1. In the range B:356-367, which residues are surrounded by 13 or more Cβ atoms within 10 Å (Cβ to Cβ) and of a type outside the set (S, T, N, Q)?
2. Given the range A:179-242, what strands (runs of 3 or more DSSP E) lie entirely inside it while holding 2 or more residues that are modelled with pLDDT of 95 or more, within 19 Å of the chain's Cα centre (by Cα) and within 21 Å of A:Phe389 (Cα to Cα)?
3. Determine which single condition A:Ile112 fails, assuming it passes every other condition in (1) open to solvent by less than 50 Å² (accessible area, probe 1.4 Å); (2) in contact (Cβ under 8 Å) with a residue 60 or more places away in the chain; (3) among the aliphatic types (A, V, I, L, M).
4. Can A:Ala286 be described as open to solvent by 30 Å² or more (accessible area, probe 1.4 Å), part of a helix (DSSP H, G or I), within 30 Å of A:Trp894 (Cα to Cα) and modelled with pLDDT of 95 or more?
5. Considering only residues that are open to solvent by 10 Å² or more (accessible area, probe 1.4 Å) and under 21 Å from A:Arg864 (Cα atoms), which ones fall in the range A:801-852?
6. Given the structure, is A:His716 within 27 Å of the chain's Cα centre (by Cα) and in a loop (DSSP other than H, G, I, E, B)?
7. Checking the condition part of a loop (DSSP other than H, G, I, E, B) and either within 17 Å of A:Trp53 (Cβ to Cβ) or away from chain A (no Cβ under 12 Å) (or both), which residue from B:Gly32, B:Gly92, B:Gly5 passes?
8. Being assigned to a loop (DSSP other than H, G, I, E, B) and within 16 Å of B:Asp108 (Cβ to Cβ) is the filter here, so list the residues in the range B:299-315 that pass it.
Amino acid sequence: MGKKSIIERIGEALHLIPRIPERPWSSGATGPLRAYPDPDDWHDHVELDANAWPKQVERRYSLVPTTCFNCESACGLLAYIDKETGVVSKFEGNPHHPGSRGRNCAKGPATINQINDTERILHPLRRSGARGSGEWERITWDEALDEIAGKIRDSLKTGARDRVTYHVGRPGNEGYVERVLKAWGVDGHNSHTNICSSGARLGYSMWHKFDRPSPDHANAKVILLTSSHLETGHYFNPHAQRIMEGMMDGAELIVIDPRLSNTAALADHWLPTWPGSETALFLCWAHMILEQGKYDRDFLHDWVNWDAWLAAEHADEPQTFERFIELLMDEYSEYTPEFAAAECQIPVEQVIAAGNAVANAGSRLSTHVWRAAAIGNLGGWQVARALHFLNVLTGSVGTVGGTAPNAWAKYTPTLFNEPPAPDAWNELHFPPEYTLSHYEMSQILPHLIKDGRGTLDVYFTRVFNPVWTYPDGFSWIEMLSNKESIGCHIALTPTWNETAFFADYVLPMGHASERHDINSYATQSGKWIAFRQPVLREYARQQGEQVQFTYEVNPGEVWEEDEFWIELSWRIDDGTLGIREHFMSPYREGEKITVDEYYQFTFEQVPGLPEAAAAEGLDALGYMRKHGAFLIEESTYGKHDEEVADEEAGVEVNGGRKVGFPTPSGKQEFYSPSMVEFGYPEHAIPHYRVKSQVHPDNLTGDDEYCLLPNFRLPQHIHSRSANAKWLVEIGHRNPIWINPLDAARLGVDEGELLKIETEIGWFVDKVWLTESIKPGVVGCSHHMGRWRRKQDAGNHLLTNTVDIENRGDGKWRMRTLSGIEPFESEDPDTSRLFWRDGGVHQNVTHAVQPDPISGAHCWLQKVRLCKPAEGENYGDIEVDTNKSFRYYKKWNDWALKREVHPRGERRPLWMNRPLAPREHHWYLNRDEA
Amino acid sequence: MTNYGFVIDNRKCIGCHACTVACKSEHDVPIGVNRTYVKYIETGTYPNSGREFSVQRCNHCEDAPCVSICPTTALFTRDDGIVDFDSDRCIGCKSCMQACPYDALYIDPNTSTAAKCNYCAHRVENSYEPACVIVCPTEAIISGDLDDPESNIAMIISEHTVTVRKPDSGAKPNVFYIETSPEMLDPLAAPPQSTGVWTDQEGGVGHFASQAQALLHAHGYGDRMKDVDEENARRVYDTPDKGVLWGWEVSTYIWTKAIAAGTYLAAMLYWLAFGGDISGILLPVLGISLGFLALTGFLLVYDLDRPERFLYVLLRPNWESWLVKGAYILGAYSAVLIASLTVVWFDLGENWLAWLAYAGIPLALLTGVYTAWLLNQAVAREAWRSKWLAPQFAAETLLAGVCVLVLLSEEMLVWVIVAAVALAVLAAHQRRTIREPQLVPLS
């Protein structure tokens, strides 16, 4: 390798060509390459400018840890703050984070796109025209706080305790807002859970009150997923890492999904079961485990309430464990492999092969269901209950390589102040007829209001986009447009979205590097916390600058909820409401708490953290600011088996007192007395009694199919990735996945249009021929199809421009005027968009289908497919909200008909309820106690 | 001596695109172009359907064709095996994109210069891993020194069967794949489509980013998208197509160059070898040759994405590249033409012309033919590697020259028409020669 040629040197000397430096012919690496800079160098990390290379231009960075905000996992990120410009230039992983271990999915590094989005909302806005008109005026934070505080105060002063509510999509924090709502004295917490996981949660909680699994994939022998955790979902990155570790160590992967997800593509067994039949499959495997004698006798004997079942349903039998096993085998004998194969429509050989793998997994069976079949089908909660049954039978509950309750690995912060529980029960969130609903009946809020069951004075939507993400979005538009239904709507969001278009106030809240949160998630065995912090605020602090409020350092006036809630709560209270006392500093007598003090206190309570911090000469908050994460417990296995000292506490097992499970019996409840008491005796024990709304028996017509809408793309999250250009260029449309056999029958070909009719409307989408989906099922991802109307702003990278027409009498029509168009901005990339197709908003045509038992919205839709008629174009949508209301009434009726309240209880007293009100409110007709 | 390479372990790749985005972030890569990306194919019939993912990027070849063809050594192979690039030297000729068998390069629309994965050389400089290696959730990308038997990467290669993309390219790629199917590695097994499972492409990228608003059909993109062959594998996700990179400018300059070279060549041969009389058309012959040579030069510079840097071809030369050799040949040939014109203008005598022709005739032939050797160097395009390309160009040069002579001297209309038609057919044929091979998918 030589230097420059003579000709070049002469040319440069004669100024015929400019002088450029010599290229480097070898590297300066001084040994094996390393992954992360030493934390001691984070304050002053030097990197060479990537684009100036091969010129060596040094850039100095301060690396400040935070966590990603693009799904629930809160993976660690390091923000690279350029010391010259004072802004964040990129995000990499945080090696200290025990969940993500320095690695991220695509959404992590794409955070910089969201920070730099040229269409971000930078200032608080208030509508200046009618709701939904798209006319906005900029206001100050002071105005926003005063006006909103006034409205809340007015509502509270009427004595009402359920007319101010907060509806959250992505919480991203542990316990912060629940405490605020309690301080206000309202039963006002609503969430997105019942369109997400409440089906699975009920199934799990029936067993042990814990409503979420934490599989130990890395150590498993068999990994059984009805999720797609190598592709998406949360906890996507942390789980994918460990699923792959397990597989590389020899674990067998079984994936159950009618669609070949990326996860199924890597599986040893892909079982494309007919949606909703999974319970039959699992119960068949349960029977195989029993038949083969592969059950964990000790665990069943010690830790399952088999005696309660015998006493209740087999009182005339010997009340022995041996008899229990015999009766168990009888009970599940109907679930033969042949039955399962027929119900699931898969080969019986596959049922048997996968079943044998599961049976032989012993204590190392890690299983997961979260959304998928549990949220897709009527009775989907049976799927989770049957799946956990397999863990119970194999004795893999909380074992190494098994499946633990997620609560064992999740840290619940001790906060500086705990106001009393709300003195009300909000029946718009927990209507009486949904006695076992796990989480709020959020998806029927518009329908309950339309049904005259209540209205709201103040309604916050927070990182939450129901108009678009939820089924029957036009009903949401109707509700949000009506000032009688919703007095004041405040959207707290990092970006524009379809719901914010219908708000009264749009308040920009910070993204991953622009806010404070404490995170703790059960990504593996082991308990950790992580700290999401406004990195520029921390950087300013390092430089010795004082920052009072986060909006001083964020772009524009973007703020964060933690400080917003403190200020708002302070202003709500005119001195008579007793709210301010819950926002007092724990360190300075009589002063309002600051966000730094909030976290200072919170971190000081974390076991082991103050000690670890002291070892580095820091306090607890200082440690978290520096490292971004802390491992509290290395592993969290078998907590039920820990001894408990107190004679009154825990449960007796084999003569000793153990922690047990937080159920009435202290054990795994195979037999659920609550199911019986609340009017569902047929569900006393796990069974396959409820058929899905898309069971083949319910698809009678030749042109009737099952639509599978609830799958995601690996690089997107529901609403807030629309402005991440690097994610959008990888995925922006959602054609209909259809098996060629079905396409042939319908007479459509690749790229042609298909009309999909649901119970309440229809949409027109493009055909995607694929062998990756079960015939009879068609798939369309509900991650795509974003839109804005001509008067709306934001997200030009991913939104189609649509026209929405309210034709009256509940009839709505949406037409796509244009696809995605390039546009001019400060970012040259926005004029280089090579894509046009923004997909179709299918969710809005879905009828709400609230499961009467779990309350979960059943996502799968029975649809009729045909070719569109003349004048029905790509992206056209029609919905009849009167039809959707009647449909809701039909499903709601199923709950009303079976409504039973033993002892006047609204719901089982032992069952979880977010923001649980005071005890007497748990009883009907005792609210005025 | 360090020899950096990659292993892509496709037992572990989950197709999540984290590497794609981490790289975008590290280098601020514009929309539409990629230094690394993940290709998806689907195979089989339900229920035996399958999907595979594979990461593709520059292979840091030991015998990199892009380095050989780059006229200005903007692309260069380092001692440590990294094939790096210096965008200050790049003139945007796009020869590298014709030479890379793996379609690893792109034109950055911000700078109009070529770019590709450079192994994060700026990070390696400080002993850090490339950005894609660190982000991968399943650690499916392994980097390191291939020549160090104790290194992780070397041990992985020795313990597993590995394959490479297009082993017969001659480039000796240093990105090794574990458990990657032939259907994935062979670009023709699952040809590109115009839509993917989540994507569509309706505008240009990279070199054609300015055409983001317009369809790419004008640049030959539309023809490239073959119909899905459902019997074989199907490509379901891919990065956008870059289109035809050497378009009308290149095929036209080959035509004008054929005329520039052929006219003088045919005339001189007719006079010196066959004793023909060209005295009446000498000035037009020289004028047309020089004029079309100037036009050729203009088109050559016009085709560059950084035309103001055209002098780099002469003054920052990579002698291995036929772009450089050709530029000097054009220079020498134009000198001969200018000298010959001077002789004729000032009536210095035909002996001088004959002496000049001793240099001029071979130079004219080389002028007409050298592009074939340049195309031979563009090893990505199978059709251009043919040994018949040079004789073809020689014949075309002569044919062009003869046609021009006919047009200049012939009086019978039918021959004039034949010559004009032949020139038009020649132009169409040259357009096809340049365009068609660029429609064959490389990745």
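1. Residues satisfying the conditions are B:Leu356, B:Ala357, B:Ala359, B:Gly360, B:Ile361, B:Pro362, B:Leu363, B:Ala364, B:Leu365, B:Leu366.
2. The qualifying strands (runs of 3 or more DSSP E) are A:213-215.
3. (2)
4. Here the answer is no, as A:Ala286 does not meet what is asked.
5. A:Lys811, A:Trp812, A:Arg813, A:Arg815
6. yes
7. B:Gly92
8. Of everything in the range B:299-315, those that are assigned to a loop (DSSP other than H, G, I, E, B) and within 16 Å of B:Asp108 (Cβ to Cβ) turn out to be B:Leu304, B:Asp305, B:Arg306.
The values are calculated or read from the model by the stated rules, or taken from the named source; none is laboratory data. On a predicted model such as this, the values are computed, not experimentally measured, just so you know. Here the Cβ is made from the backbone with ideal geometry for all residues, glycine too, and neighbour counts use every protein chain on show. Protein only, heavy atoms only, side chains kept; ligands, DNA and RNA dropped before computing areas. Shrake-Rupley method; radii C 1.70, N 1.55, O 1.52, S 1.80 Å.
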